[in-house]
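The values are calculated or read from the model by the stated rules, or taken from the named source; none is laboratory data. For clarity, every value in this text was computed on a predicted model and none was experimentally measured. Using ideal geometry, Cβ is built from the backbone for each residue, glycine included, and neighbour counts are taken over all protein chains shown. Keep in mind that these areas ignore ligands, DNA and RNA; they rest on the heavy atoms of the full protein, side chains included. Shrake-Rupley method; radii C 1.70, N 1.55, O 1.52, S 1.80 Å.
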Amino acid sequence: EPEVTQTPSHQVTQMGQEVILRCVPISNHLYFYWYRQILGQKVEFLVSFYNNEISEKSEIFDDQFSVERPDGSNFTLKIRSTKLEDSAMYFCASSNQESSYEQYFGPGTRLTVT
Amino acid sequence: DQQVKQNSPSLSVQEGRISILNCDYTNSMFDYFLWYKKYPAEGPTFLISISSIKDKNEDGRFTVFLNKSAKHLSLHIVPSQPGDSAVYFCAASHITGNQFYFGTGTSLTVIP
């Protein structure tokens with residue numbers, strides 16, 4: 001069964017450093033998403049991406065964040081200058097429909113900023 | 001802003017009994033609702049959904065009920081099985097939107 005994969009599973013970085021979180025969505029999916037979950041809190045939407053551009057983003061997704069689909073398979077989330085409060089699980093998701101129905105999530109990347 | 005709320009952080013149920021997980025929302029513009037299940041170290045997995053034109057949707061042991069006037073939905077699992085033990089997230093969106101709004105989750109433990 002096709003699945004969304006994410007690398008690395010755990011990333012530790014120092015405050016102020018740049019990180020890139022990688023995702024490989026399901027191959028025939030066209031819509032891509034990033035979410036995050038701070039420990040003990042709810043899953044929060046960050047951004048959605050379609051046709052090589054951002055289609056929707058939340059207030060969390062400020063200028064420190066960017067997304068890219070550098071090739072036909074990868075979808076990346078870059079945090080330019082990490083802050084302690086960026087520590088969270090970051091989930092990538094993909095879907096083959098425009099509506100938010102049935103997004104398939106990856107296993108997540110745990111980002112720890114020290 | 002807590003647009004989607006799950007007020008019970010945890011629930012324990014005996015195997016074979018019914019599990020009822022509840023979710024409330026505040027935004028009347030939400031018209032699509034989903035339940036996700038999440039095991040430790042995994043991403044959320046889609047379980048079942050319901051649109052606002054319905055008040056019930058059933059899939060095997062899982063049934064979701066929607067009460068639009070009360071802005072409340074619930075997930076019923078019957079009979080509950082130990083493998084159902086996980087965190088369950090309620091999520092809501094606009095049917096034409098991309099953004100999910102998640103609740104904080106309810107940790108379900110099914111006791112054998």
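Selection of strands (runs of 3 or more DSSP E) fully inside the stretch A:20-114 by the criterion of at least 3 residues being away from chain B (no Cβ under 14 Å) returns A:65-68, A:75-79, A:109-113. The residues on offer are B:75, B:34, B:47, and the sole one that is open to solvent by 20 Å² or more (accessible area, probe 1.4 Å), under 24 Å from residue A:40 (Cβ atoms) and of a type in the set (A, V, I, L, M) is B:47.
Determine, yes or no, whether residue A:37 is at pLDDT below 95 and open to solvent by less than 90 Å² (accessible area, probe 1.4 Å). Answer is yes for this residue. Might you check whether a residue that is closer than 14 Å to residue A:34 by Cα and open to solvent by 60 Å² or more (accessible area, probe 1.4 Å) occurs anywhere in the stretch A:104-112? The answer is yes, given that some residue of the stretch A:104-112 is closer than 14 Å to residue A:34 by Cα and open to solvent by 60 Å² or more (accessible area, probe 1.4 Å).
Selection over the stretch B:81-112 of residues that are more than 14 Å from chain A (Cβ to nearest Cβ) and either under 16 Å from residue B:38 (Cα atoms) or among the β-branched types (Val, Ile, Thr) (or both) gives a count of 9. Taking first residues from the stretch A:10-25 that are open to solvent by 100 Å² or more (accessible area, probe 1.4 Å) and partners that are not in a strand (DSSP E or B), the Cβ contacts under 8 Å between residues at least 6 apart in sequence or on separate chains come to A:14/A:82; A:14/A:114; A:15/A:82; A:15/A:83; A:15/A:84; A:15/A:114; A:22/A:8; A:22/A:74. When B:46, B:30 are checked against the criterion of being part of a loop (DSSP other than H, G, I, E, B) and among the aromatic types (Phe, Trp, Tyr), a single residue qualifies: B:30. Summed over the stretch B:12-23, residues that are within 23 Å of residue A:40 (Cβ to Cβ) and surrounded by fewer than 17 Cβ atoms within 10 Å (Cβ to Cβ) total 1.
Yes/no matrix, rows are residues, columns are (1) in contact with a strand residue (DSSP E or B) (Cβ under 6 Å, 6 or more places away or on another chain); (2) touching a residue at least 24 places away in the same chain (Cβ under 8 Å); (3) open to solvent by 80 Å² or more (accessible area, probe 1.4 Å); (4) not charged (D, E, K, R):
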| position | (1), (2), (3), (4) |
| --- | --- |
| A:49 | yes, yes, no, yes |
| A:62 | no, no, no, no |
| A:68 | yes, no, yes, no |
| A:71 | no, no, no, no |
| A:80 | no, yes, yes, no |
| A:84 | yes, yes, yes, yes |
